[in-house]
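Engineer: This is the structure, below, for whatever I ask next.
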Amino acid sequence: MATVFPFSAIVGQDEMKLALLIAAVDPKVGGVLAFGDRGAGKSTAVRALAALLPKMKVVVGCRYNCDPDLPKAFCDECREKEKHGKLKTAQVPVPVVDLPLGATEDRVVGALDLERALARGEKAFEPGLLARAHRGFLYIDEANLLEDHLVDLLLDVAASGENVVEREGLSIRHPARFVLVGTGNPEEGELRPQLLDRFGMSVEVKTPDDLPSRMEVVRRRDAFESDPAAFLAAWTKEEAKLRKKITQARERLPEVTVSDAALERAATLCMRLGTDGLRGELTLMRAARALAAIEHAKHVTDEHLKKIAPSALRHRLRRNPLDDAGSTVRVDRAIVEVFG
Ligand SMILES: [Zn+2]
């Protein structure tokens, strides 16, 4: 496996890093959509986060990354194997699977294994990218350029957590739950509202515009590329600290409470902004709860809501012909109105 730049060594990009951490603590928050400058390290950050996360336990030989501790969610193959004795398990890194723009549907959902069909006359299923991404991250660079039929397909799977393939005489279903991470360039084609809505959070990624940060980015990148092993060694401690933070936040998450007052603030903010449906406040509440868990808080406070509201809401605003302010400005303004 190629050496991955450590997450904690990424300079700046605080909003993106926080959104990714929140998605790692509570995948239910939904994916992260990163808008902005090319080459600002969006892909690096996702890979770095996955490499940082505690390894996951899988059933050895399972092509769907089944979790041995969740027999109810087993794929058919594991279910069958389980009848013949105890399943072997292993620890593997959390996967980051790239979904290339030109990918065929077969490659994404999986298809009939033609080689086996022709050679042995067997109808076997060759799993696709969705199977590989299960329990990890599905990364789509330039999600705004994704073809509509792939968008629909992803929406279905993201909603159900299951990939269902019924064709060529095959009938396969397997779990496919992943955190969707997409990048987009707002100038190159718009994302359909349904896809936008599916992302829990959106972040604006910019190349740092202050001198010291830019110098530090270059310094660290150069050190990493000159001697990756030494660079990783120098950051081991920081990485371990952050890993512990994520693990502890995951454990604390179920105990973090959201008061009616906090929920009312979240809903008021969404009403003020006119976000569609209820996904806005649901995501805002979940993201604030994960943030509270990360910050060792027992309850969600106004500060948590304020901090995460731009990421949770800015991609859910309807265009207002009377207001040409950017969506971040509109969210910031509403925060001041609601929270004072
Ligand atoms: Zn399995």
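We did not get these values from a lab; they are worked out from the coordinates using the rules stated. Since this is a predicted model, take the numbers as computed values, not measurements. Every residue, glycine among them, receives a Cβ derived from its backbone with ideal geometry; neighbour counts consider all protein chains shown.
Engineer: To the nearest 10 degrees, how steep is helix 42-52 against the longest Cα principal axis of the chain, on a 0 to 90 scale?
Structural biologist: So the helix axis and the longest Cα principal axis differ by about 70 degrees.
Engineer: With Kirkwood's inverse mean 1/r over C-alpha pairs for Rh, give me the Rg to Rh ratio of the stretch 207-340, two decimals please.
Structural biologist: For the stretch 207-340, the value is 1.10.
Engineer: Can you tell me the orientation of helix 148-160 relative to the chain, as the angle in degrees between its alpha-carbon axis and the longest Cα principal axis, to the nearest 10?
Structural biologist: Taking the Cα atoms of the chain, the angle to 148-160 is about 90 degrees.
Engineer: List the GluC sites (Glu not before Pro) within the stretch 159-253 that fall in a DSSP loop (any state other than H, G, I, E or B) and whose Cβ has at most 13 other Cβ atoms within 10 Å.
Structural biologist: Sparse-neighbourhood loop GluC sites (Glu not before Pro): E168, E187, E188, E190.
Engineer: Roughly what angle does helix 228-252 make with the longest principal axis of the chain, taking Cα atoms, 0 to 90 degrees, to the nearest 10?
Structural biologist: Here the helix axis deviates by roughly 80 degrees.
Engineer: Moving on. Over the stretch 260-339, what relative contact order in percent results from Cα pairs under 8 Å that are six or more residues apart?
Structural biologist: 38 percent
Engineer: Which trypsin sites (Lys or Arg not before Pro) in the stretch 236-340 pass both tests, a DSSP loop state and at most 13 other beta-carbon atoms within 10 Å?
Structural biologist: Answer by residue number: K298, R318, R319.
Engineer: Could you grab the relative contact order for the chain? Cα pairs under 8 Å, six or more apart, rounded to a whole percent.
Structural biologist: Reported as a whole number, the value is 22 percent.
Engineer: Sticking with this one: Setting aside same-chain residues fewer than 8 positions from K57, which lysines have a Cα under 22 Å from its Cα?
Structural biologist: Partners within reach: K28, K72, K81, K83, K86, K88, K241, K244, K245.
Engineer: With each label point set 7 Å from Cα along the Cα-Cβ vector, what nm distance links T236 and K86?
Structural biologist: Calculated label separation equals 3.2 nm.
Engineer: Can you list the residues, at least 5 places off or on another chain, whose amide H is less than 5 Å from the amide H of L180, using H built in the peptide plane?
Structural biologist: Under 5 Å from the amide H of L180: G31, V32, L138.
Engineer: To continue, here is another question. Write down, largest first, the equivalent ellipsoid semi-axes of the stretch 260-339 in whole Å, where each equals the square root of 5 times an eigenvalue of the alpha-carbon gyration tensor.
Structural biologist: Ellipsoid half-lengths, sorted descending, are 22, 11, 11 Å.
Engineer: Could you list log10 I(q)/I(0) for the chain at q = 0.09, 0.14, 0.16 Å⁻¹, which the Debye formula gives when each Cα is one point scatterer?
Structural biologist: The Cα Debye sum returns log10 ratios of -0.53, -1.24, -1.49.
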